Amino acid sequence: AARLFDDIYGSLEGDDAKFITWLDGLNLARLPAGAADVLSKRRAKLARIDGKQEAPYYAAQGCLQDWAAGPVEGHLGAVDLGRFDPLTALPAADANVDPAPVRLSCAVRLWNTSPHPGVRRARSQVQVQQGPLQLQVHASESVVLFVDGQAVYRSDDVRKWAAQRPELLVDVDPGVHTLEVQTTVDGERAWFSVRAREGMSGTPLRSQASS
């Protein structure tokens, strides 16, 4: 129903104002995650058009946007993917050479200013009150996603037919858990997005950058 609503949105005069009034009075936490995501995306677009903060609406989707990133590592791109230990501290990045992650709506952009392909690692933490940990991953290039040092998804040549927008359920205990994304950056930039929810109810989680 939410997707159908989004498809026909804008066909009537005054849709924007009516939608904002309706959605702002709605408790999104009571809706299925898929429906809440569709409605939050639409609300975020309207906030951006109005020059207002859109971050709260992406947070309502469980978008993780606080990441610490290391420098470009390796020289072979996808061949090096997954070879770096997610349990060791991230190497220090020189902001003049390896710019910090840039927020793009729900996604995060990483830059590569080197003349060769490489891998950049980004790390974040989430506080989970109740498992399982629900994760959705989407990326412009090949990635490996780790939770507490264990690979839970990869989209490189090791798994050639991997789903491009997987929905993962990871069994975790209550507490703080570390997520690491290792992504190839074959050109000057790449982006990825991770949405995180907890429990079968799908409560959105917030992230905290971790090195």
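The values are calculated or read from the model by the stated rules, or taken from the named source; none is laboratory data. The shown structure was predicted, so the numbers you read here are calculated from the model rather than taken from an experiment. All Cβ positions, glycine included, derive from the backbone under ideal geometry; neighbour counts span all protein chains shown. For the accessible areas, the whole protein counts, side chains as well, though only heavy atoms, and no ligand, DNA or RNA atoms are used. Shrake-Rupley method; radii C 1.70, N 1.55, O 1.52, S 1.80 Å.
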First in region 131-149 and surrounded by 22 or more Cβ atoms within 10 Å (Cβ to Cβ), second anywhere and among the hydroxyl-bearing types (Ser, Thr, Tyr) and not in a strand (DSSP E or B), Cβ under 6 Å, 6 or more apart: Ser142/Ser155; Val143/Ser155
Failed criterion for Asn112 (all others in (1) polar (S, T, N, Q); (2) at pLDDT below 90; (3) farther than 24 Å from Thr203 by Cβ hold): (2)
Condition met for Thr178 (touching a residue at least 24 places away in the same chain (Cβ under 8 Å), polar (S, T, N, Q) and open to solvent by less than 10 Å² (accessible area, probe 1.4 Å)): no
Matching residues in region 165-205 - criterion: being out of contact with any strand residue (DSSP E or B) (no Cβ under 7 Å at 6 or more places or on another chain) and under 22 Å from Pro101 (Cβ atoms): Asp186, Gly187
Filtered residue count, region 55-80, keeping only those that are assigned to a loop (DSSP other than H, G, I, E, B) and open to solvent by less than 50 Å² (accessible area, probe 1.4 Å): 10
Selection within region 188-207 - buried (at least 22 other Cβ atoms within 10 Å of the Cβ) and modelled with pLDDT under 90: Pro204
When residues of region 43-54 are limited to those that are open to solvent by 50 Å² or more (accessible area, probe 1.4 Å) and assigned to a helix (DSSP H, G or I), the one nearest to Trp22 (Cα to Cα): Lys45
Scope region 92-106; condition open to solvent by less than 50 Å² (accessible area, probe 1.4 Å) and under 16 Å from Ala68 (Cβ atoms); matching residues: Ala93, Asp98, Pro99, Pro101
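Out of all the residues in region 107-121, is one or more among the basic types (Lys, Arg), open to solvent by 10 Å² or more (accessible area, probe 1.4 Å) and within 14 Å of Arg195 (Cα to Cα)?
no
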